[in-house]
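The values are calculated or read from the model by the stated rules, or taken from the named source; none is laboratory data. This is a predicted model, so every value here is computed, not measured. So basically every Cβ, Gly included, is an ideal-geometry build from the backbone, and we count neighbours across all protein chains shown.
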Amino acid sequence: MTDRDTIGDTGNVLVTTAATDHGHCSDLLETGDPNTRAELTVSLPEAQSEQTGFGSASSTQPARKGLISVGDVLRSAAEGGPDFGAPVVMDAVEEPTDLQGIGTAISRYCQRWDEEDYDIVVCFDSLTELLDHASPEVVFQFCHVLTSRLSSVDALAHFHLDPEAHSDETVATFQSIFDETVGETTEADAIEAFAEATDDDIAALTESWSAEANYSIVGDDDYARPDEVSEASDDDIADSLPVE
């Protein structure tokens, strides 16, 4: 387990705690000067049912707050796209299976806030619920592309994964994508099925992905992050993240 104090102000962090334990959120969101901090929460239906409002999870309110609701809960509030002049900038993706929509929505915030020189922090809640709607291979590839996009704007992003809901092999596979893990870690091997994927399996998985994303999920080093993945534009993200 990595202590929050050892994590810098940028990077991608996997939070492996029980679904009801969000104690690390405030520590990971509350970074830098609140006057220059832009905070984005991406929440799926189960997480939304536990939320009581749109306040920041940190003790100091950020300069900008954003919410992407996945699952149509806030569709009426988000028609026409996010209003970046609103106190809480809201957007919605109708279906949890729409990974292209989720990636594009996140990238839109990244582009706007990066252009305005904000320090971007992101909470993605949760990968466990996303895995209820898409295969581990697709979510794994989605995370590779999304973490690269977040790195391109020097964001500090954390993603929740409930270790009690998955095998050690699944946790190990997703753990390998991230810069740091906060919570439970495992020394288990990555999912065997990933390592045994055939060329046809990989081709089918990556058929609609862009050049930036279209690298093998097998890798040379237990799914090591590629040395170089170029910065993706909003159009690149839209093209690279498939709708199931």
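Considering only residues that are within 30 Å of Asn35 (Cβ to Cβ), of a type in the set (Gly, Ala, Ser) and assigned to a helix (DSSP H, G or I), which ones fall in segment 92-137?
Result: Gly103, Ala105, Ser107.
Take Ala157 and decide whether it is out of contact with any Pro (no Cβ under 7 Å at 6 or more places or on another chain), closer than 30 Å to Asp9 by Cβ and at pLDDT 85 or above. Yes. Residues in segment 58-77 that are within 23 Å of Asp132 (Cβ to Cβ) and modelled with pLDDT under 90: Gly71, Asp72, Val73, Leu74, Arg75. If you go through segment 156-176 and pick out every residue that is under 11 Å from the mean Cα position of the chain (by Cα) and either free of Cβ contacts under 8 Å to residues at least 12 places away in the same chain or more than 12 Å from Thr16 (Cα to Cα) (or both), you end up with 2. Residue check: Leu99 meets all listed conditions (1) surrounded by fewer than 19 Cβ atoms within 10 Å (Cβ to Cβ); (2) modelled with pLDDT under 90 but one, namely (1). The number of residues in segment 78-96 being out of contact with any helix residue (DSSP H, G or I) (no Cβ under 9 Å at 6 or more places or on another chain) and either under 20 Å from Thr128 (Cβ atoms) or β-branched (Val, Ile, Thr) (or both) comes to 1.
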